[in-house]
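J.: I have a structure I would like to understand better, so I am pasting it below and will then ask my questions one at a time.
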Amino acid sequence: MRHGTGSTGDDAAGAAGAARCPYTAQTALSPQQDGDRGLARGEEPPWDQLRSRHGGLVSVEVSPGVPGWLLLGYKENLQVLRDQTHFSADPRPWNASGAAPVRGAALSHDGDEHLRLRQPIVDALASVGTQQLVPVVQRAAVHLIGRVESAGAADLIGQYAAPLPALALNELLGLPDSYGHLLADLGANLWSGDPDRAATAAPAVRAYFRGLVARKRAEPGRDLTSLILEHPHGLTDDEAVEALHLLWAAGHEPTTHLIGNALLRLIEDPGVWTAYLGGTLTPEDFVDYVMWTEPPVSVLAGRYATTDMRFAGARIRRGEPLLFGFGSAHTDPSVSGDTADSVALLAGNRAHLSWGAGAHRCPATAFTRELVRTAIDTALDRMRGMVMAVEPAGLRWRPAPGVHGLVELPVWFTPTGEREQSGARPEPREPVVRRRSRRRTRLPAAQGARYQAPFAEKPHVPDPLEQLLEAWNPRS
């Protein structure tokens, strides 16, 4: 079988692009030829059919008028993840404009420059052990559950899984809780699917990270931001802003929907629920099982061909983008067999591609595993007897492809009755950052001058972060 539908000759690029792109990555890979039916909004593509027809990869239109490739096979996805010689994360050398036609989730550099930018993130995350991370996640989780427990009902996505990563990360970055709610709200607007809300939120997100870096340059503390800024690799302010923004942007939605997909699988599958609560299915193995069966990222922008080549039977031109198809790769019979839904086969199997592979492998794997485990266990412990408040057919999924997760997951539950003493989220016992006050020296007054209060202080001037917090309108 010939893999893909790429051109085998040296025909003109324009004619070839129109002839060999039967699918579009922007319309849920909705087939446009061969009599295939289109996909409903949010429906996963028929991966088995695509692999059967096209093999390891298929031509797609990654954006209007821009041809590219979607990797379908497990082997093909893994090879492109690992091979930095023929497939680069940096679009600049291979694209005349230097701009990425579709933004990826990894640092858009390779080699030594990639390592210089990546290592501060890796080292900072490595400093956050279980003893530091778990209490932060638990505080955020208990706070969010406390908002809905009196009703005995909740949307586990919008009211729990979506804001939780932002609240936890914000505290680890060294900011008070009010900024965590700001970051969560900005994320909700940015990924709402509403172009107007996203356009308003995008510059505010950048302002959050610029303000964060500026504050921590002036007032470093014991937090992730300060560790990144103090790293021997010496990131500039702009590089630090980009690194922190990428850490949040690349991880927030996948973490949200890993939590959401895991909770859904527990609620709807009595066998998995019993195995998990009974201890025969460990949290670590359960996360791997969800990564195989319900990966939170189905399609991801990834690499650019560094030269003209033949790959998986197709002719790929220099500079053409390749998209990772994790949803397809995880159902490839060569690795999942005929029982892709079997807990016994997939639980604990860490060969899935959701964390990536090679030099660009996710640097927050252990961090995310612990966050997700804590989020799941806290929800199960404090929202007993969860059942879905709608029929499974009534669940709404995010538009496919890309992120694979629910728009909302409405449930009913029996509250445990445990409440925070004050009704509000408690601050950490030892704040991540303490603002340092500067002692002012009183100068002698000039002769004849009016008397001034000896401890008069200049009015406080809000820094950029404070201005952003004050100006942001959640409904904007």
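J.: Among the residues of segment 201-228, what is the count of those that are open to solvent by 10 Å² or more (accessible area, probe 1.4 Å), within 24 Å of residue 132 (Cα to Cα) and among the aliphatic types (A, V, I, L, M)?
T.: The qualifying residues number 1.
J.: Out of curiosity, is residue 175 open to solvent by less than 50 Å² (accessible area, probe 1.4 Å), touching a Ser or Thr at 6+ places or on another chain (Cβ under 9 Å) and not in a helix (DSSP H, G or I)?
T.: yes
J.: So, one more: So is residue 350 within 25 Å of the chain's Cα centre (by Cα), open to solvent by 40 Å² or more (accessible area, probe 1.4 Å) and within 19 Å of residue 161 (Cβ to Cβ) or not?
T.: No, not satisfied.
J.: Kindly evaluate residue 243 against the criterion of being at pLDDT below 95, buried (at least 19 other Cβ atoms within 10 Å of the Cβ) and at positive phi.
T.: Values: at pLDDT below 95: yes; buried (at least 19 other Cβ atoms within 10 Å of the Cβ): yes; at positive phi: no.
Spelling it out, it is not the case that residue 243 is at pLDDT below 95, buried (at least 19 other Cβ atoms within 10 Å of the Cβ) and at positive phi.
J.: Only one of 197, 206 is more than 27 Å from residue 377 (Cβ to Cβ), charged (D, E, K, R), in a helix (DSSP H, G or I) and touching a residue at least 40 places away in the same chain (Cβ under 8 Å). Can you tell me which?
T.: Just a single option satisfies the conditions, and that option is 197.
J.: Anything in segment 246-276 that is among the polar types (S, T, N, Q) and open to solvent by less than 30 Å² (accessible area, probe 1.4 Å)? List them, or say none.
T.: Result: 255, 256, 261.
J.: Working only within segment 303-313, note down all residues that are surrounded by fewer than 23 Cβ atoms within 10 Å (Cβ to Cβ) and either within 16 Å of the chain's Cα centre (by Cα) or at negative phi (or both).
T.: Of everything in segment 303-313, those that are surrounded by fewer than 23 Cβ atoms within 10 Å (Cβ to Cβ) and either within 16 Å of the chain's Cα centre (by Cα) or at negative phi (or both) turn out to be 305, 306, 307, 308, 309, 310, 311.
J.: Looking at the structure I just gave you, is residue 319 part of a loop (DSSP other than H, G, I, E, B), among the small types (Gly, Ala, Ser) and open to solvent by less than 50 Å² (accessible area, probe 1.4 Å)?
T.: yes
J.: Under the condition of being surrounded by 14 or more Cβ atoms within 10 Å (Cβ to Cβ) and farther than 20 Å from residue 290 by Cβ, which residue from segment 365-409 is nearest to the chain's Cα centre (by Cα)?
T.: Here the residue is 399.
J.: Considering segment 326-349 alone, what residues qualify as being part of a helix (DSSP H, G or I), over 18 Å from residue 283 (Cβ atoms) and at pLDDT 80 or above?
T.: If the condition is that a residue be part of a helix (DSSP H, G or I), over 18 Å from residue 283 (Cβ atoms) and at pLDDT 80 or above, then 326, 327, 328, 329, 333, 334, 335 are the ones that fit.
J.: Now for a separate question. I need the full set of residues from segment 118-139 which are loosely packed, with under 14 Cβ neighbours inside 10 Å, within 18 Å of residue 231 (Cβ to Cβ) and either at pLDDT 95 or above or more than 19 Å from the chain's Cα centre (by Cα) (or both), in order please.
T.: Correct list: 127 only.
J.: Just the residues that are part of a helix (DSSP H, G or I) and not acidic (Asp, Glu), please, taken from segment 185-194.
T.: Within segment 185-194, 186, 187, 188, 189, 190 qualify.
The values are calculated or read from the model by the stated rules, or taken from the named source; none is laboratory data. Remember, predicted model here, so these are calculated numbers, not experimental data. Please note: Cβ atoms are built from the backbone with ideal geometry, for glycine as well, and neighbour counts cover all protein chains shown. These accessible areas exclude ligands, DNA and RNA; they are computed on the full protein's heavy atoms, side chains included. Shrake-Rupley method; radii C 1.70, N 1.55, O 1.52, S 1.80 Å.
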